[in-house]
Structures are given as C-alpha cells and as structure tokens.
Amino acid sequence: KRGQLYFPADFRNIASEGAIKMALSRLCGLNKVKRLTHGLYWMPVIDPVLGEITPSMEEIAEAVAVKECVRIKPTGAFALNMLGLSEKRPESLVYLTNGTSLKINIGDASIHFKATRARKLSGIGKYSSLAILALEDLGTEGIDAGLKDRLRLLLMKEDPKKLQHDVKLATAKVSGFVANLLRGN
C-alpha cells in the first residue's frame with residue numbers, strides 16, 4: 001500500500017534475502033519505493049498539490065517498534081512537545097525502549113531508542129506517564145512558573161488512580177516535585 005513502511009524481513013516468506021534486497025534496490029531505482037535509511041523502505045504517497053508526502057518520524061518509530069517487538073515511550077523535550085507544553089519540536093526524537101539502544105538517522109533528523117528498565121515504561125496515565133518521563137530526563141530545576149502552571153493543569157486532567165500509579169514509579173525527586181506542584185507550591 002502507498003504510504004506503508006517496509007523492512008526486508010517483511011518479504012522473507014516470498015524470496016531469499018538476496019532476492020529481496022535486489023528487488024527493493026530495483027524498485028528504488030524506478031522510484032516506486034524510497035529507501036529512508038538502511039533496511040527501511042517506504043512506498044510514496046503522491047498528493048496532487050503537496051507532492052510526495054513522507055511518513056512522520058513518529059510513524060517510523062512506531063514501525064520500528066512493531067518490527068522489533070518492543071515497547072517505546074517518548075521522553076525529554078519530545079514528550080513535553082507531545083503534551084503541548086513546549087512548542088519547540090526537537091529534531092531528534094528520543095524514545096525509551098525495552099529493546100536495545102538504537103539510533104536511526106533520516107535526513108537531518110534522527111530517532112534515538114534508549115534502552116531502559118521495564119519500570120520506566122510501566123506508566124499508564126495519558127498525561128502523567130509522559131510528564132514524569134520528561135521531568136526525569138530534563139530535570140526539575142529549570143522549570144519556570146508558567147510551565148509549572150501548565151503542567152499542573154495537565155496533571156489535574158489525569159485520572160487520579162493513574163496519576164498515583166505513575167507518581168509511585170517516578171524517582172524520589174520527580175515524585176516530590178509533582179506532589180508539590182499539585183499542592184500549588
């Protein structure tokens with residue numbers, strides 16, 4: 001299908017590894033398939049007005065996670081951006097994973113998968129799990145009053161049971177910061 005991401009392993013039931021690589025190489029030469037990076041291909045979607053629409057970095061990260069059978073969660077500045085707490089979109093997307101560490105470069109951007117403990121990936125809250133991962137990665141020292149207010153409002157939207165669960169998983173420093181934040185300190 002157009003827009004779909006492919007890995008050579010997706011075709012192992014059809015042909016040998018060498019034949020798969022040769023076929024993908026030929027399709028790339030005909031511009032029917034694009035090579036995004038080593039071992040990752042994509043069938044372009046062509047919009048009559050916008051032209052070629054490439055997959056998002058998030059779609060690429062999700063496809064890699066599915067292929068590798070691992071869990072991933074955004075962290076750091078990327079997590080803050082996903083929560084709407086930062087307008088700055090980082091060029092490097094950073095995900096924590098229960099798989100191995102990996103860096104994928106695509107053009108000027110990159111996706112980093114950082115191996116971590118299962119505990120860090122156990123957050124269940126829509127907002128609290130991302131906020132806690134962002135705070136643990138970026139630290140709590142440089143957070144200004146405006147960001148604290150927005151973070152407080154966001155965490156107050158969270159289901160209290162999920163918030164409590166996620167705060168228990170956080171480091172002592174982040175757990176204390178969130179508790180003070182929710183008390184209005």
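The values are calculated or read from the model by the stated rules, or taken from the named source; none is laboratory data. Just so it is clear, the structure is predicted and the values come from calculations on it, not from any experiment. Glycine gets a Cβ as well: all are built from the backbone with ideal geometry, and neighbour counts include every protein chain shown. The protein model used for the area step is the full one, side chains on, heavy atoms only, and it has no ligands, DNA or RNA in it. Shrake-Rupley method; radii C 1.70, N 1.55, O 1.52, S 1.80 Å.
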Mean shadow of region 57-106, computed from the convex hull of its alpha carbons, in nm²? 3.4 nm²
With contacts defined as alpha carbon pairs under 8 Å and 6 or more residues apart, what's the relative contact order of the chain in percent? 15 percent
Average the reciprocal distances over every distinct pair of alpha-carbons in region 27-185, invert the result, and give the Kirkwood radius in Å. 17.3 Å
Roughly what % antiparallel, to the nearest 5, for the DSSP beta bridges in region 52-185? 55 percent
Using a Cα-Cα cut-off of under 14 Å, which aspartates and glutamates could be cross-linked to Lys21, ignoring same-chain neighbours fewer than 8 residues away? Asp10
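Given a 1.4 angstrom probe, I'd like the percentage of the accessible area of the chain that is carbon and sulfur, rounded to a whole number.
54 percent
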As an exercise, take the mean of 1/r over every pair of distinct alpha carbons in region 1-81, invert it, and state the Kirkwood radius in angstroms. 14.2 Å
Tell me the GluC sites (Glu not before Pro) within region 1-104 that lie in a loop according to DSSP and have at most 14 other beta-carbon atoms within 10 Å. Glu87, Glu91
Regarding region 142-185, what is the average projected area of its C-alpha convex hull, in nm²? 3.0 nm²
I'd like the distance between the alpha-carbon centres of region 149-179 and region 53-80, rounded to an integer number of Å. 24 Å
